[in-house]
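The values are calculated or read from the model by the stated rules, or taken from the named source; none is laboratory data. Bear in mind the structure is a predicted one, so any value in this text is a computation, not a measurement. Cβ atoms come from the backbone with ideal geometry, glycine included; neighbour counts cover every protein chain shown. Please note that ligands, DNA and RNA were not included when accessible areas were found on the heavy atoms of the full protein model with its side chains. Shrake-Rupley method; radii C 1.70, N 1.55, O 1.52, S 1.80 Å.
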Amino acid sequence: MIMKLWIARESDKSLYLFSEKPIFEKGCWVEKSGYGYCFTELPYDVFPEVTFENSPKEVELKLVESL
């Protein structure tokens with residue numbers, strides 16, 4: 001199973017994971033649905049290629065079965 005998610009970096013370098021594509025509104029990234037501001041905060045040093053300028057980026061989460 002693969003789940004599509006979105007990540008976006010704020011201007012202060014913090015990084016957030018969203019369940020749907022966020023929009024930039026009132027100075028921060030928010031979900032369009034208005035149900036919440038973000039799915040979860042990620043460590044700021046992961047995904048260094050994602051910047052404030054090129055956010056948001058789509059990512060895929062894949063469940064890998066262990067043997």
Residue count, segment 28-49 (criterion: modelled with pLDDT under 90, more than 24 Å from M1 (Cβ to Cβ) and exposed (fewer than 10 other Cβ atoms within 10 Å of the Cβ)): 1
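Look at F52 and say whether it is assigned to a strand (DSSP E or B), of a type outside the set (G, A, S) and open to solvent by 40 Å² or more (accessible area, probe 1.4 Å).
no
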message: Go through segment 1-27 and report how many residues are open to solvent by 60 Å² or more (accessible area, probe 1.4 Å), under 23 Å from L63 (Cα atoms) and assigned to a strand (DSSP E or B).
response: 3
